[in-house]
Amino acid sequence: MGPIARIIAVVAGLAGGTVFSQAPEFVQQYRQRIGGAIDELRVIVEDFNAQAAEHHLDRQQALNAYAQSSDDFLRDRGVSMQSTISRYETLLSQQLHLGTAAPVAKPFVLLQGADDVVFWGAIGFIGGWIVAALLGLGARRAVRTRRVHRQVR
């Protein structure tokens, strides 16, 4: 392996190690964020269920009433409510799986069904952090190169 290939391998190893060393913290932050999302969605879903019950309907019957409406607005509202309920149930399931998974498996559990809104925000943060770290590595190397050139003179 040539010197450039070794440098690339070391940099890739350092970047990989740095990223993966942050996985437990990333999972913890994700769990906190989905906890907040679950709390918000719980209010909406419980309110919907209560309103359905006031009209002697269960959740599915209420959603069917929306779907069968001749009004476009009400049909769209039903689709939106079904989406909200599905997201709520998915996040609850993921929260349970994250809570019971072995620490080493948690990042993989997260990747299996991560919530798009929460996940992409976190990915953007990590991507920015990696770019900043790589730029910092380049800046440090340039400073070291200047020091070596000064010492040689």
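For this structure, a couple of remarks:
- Any hit, region 77-97, residues being exposed (fewer than 13 other Cβ atoms within 10 Å of the Cβ) and modelled with pLDDT under 85: no
- Breaking point among (1) at pLDDT 95 or above; (2) surrounded by 11 or more Cβ atoms within 10 Å (Cβ to Cβ); (3) under 27 Å from the mean Cα position of the chain (by Cα); (4) not aromatic (Phe, Trp, Tyr), for residue 47: (2)
- Matching option when the condition is more than 24 Å from the chain's Cα centre (by Cα), farther than 14 Å from residue 130 by Cβ and of a type in the set (Gly, Ala, Ser), among 37, 52: 52
- Considering each residue of region 129-136 in turn, none proves to be at pLDDT 65 or above, in a helix (DSSP H, G or I), surrounded by 12 or more Cβ atoms within 10 Å (Cβ to Cβ) and in contact with a His (Cβ under 7 Å, 6 or more places away or on another chain).
- Screening residue 65 on (1) surrounded by 13 or more Cβ atoms within 10 Å (Cβ to Cβ); (2) closer than 24 Å to residue 91 by Cβ; (3) more than 26 Å from the chain's Cα centre (by Cα) shows it passes everything except condition (2).
- Within region 18-29, tally of residues that are modelled with pLDDT under 75 and either touching a strand residue (DSSP E or B) at 6+ places or on another chain (Cβ under 7 Å) or in a helix (DSSP H, G or I) (or both): 5
- Residue in region 63-77 that is under 27 Å from residue 97 (Cα atoms), assigned to a helix (DSSP H, G or I) and of a type in the set (Phe, Trp, Tyr) present: no
- Look at region 93-109: where a residue is on the phi < 0 side of the Ramachandran plot and a partner is among the acidic types (Asp, Glu) and surrounded by 15 or more Cβ atoms within 10 Å (Cβ to Cβ), sitting 6+ places away or on another chain with Cβ atoms under 8 Å, you get 94/115.
The values are calculated or read from the model by the stated rules, or taken from the named source; none is laboratory data. A quick note: this is a predicted structure, and the numbers were derived from the prediction, not measured. With ideal geometry, Cβ positions are generated from the backbone for all residues, glycine too; neighbour counts draw on all protein chains shown.
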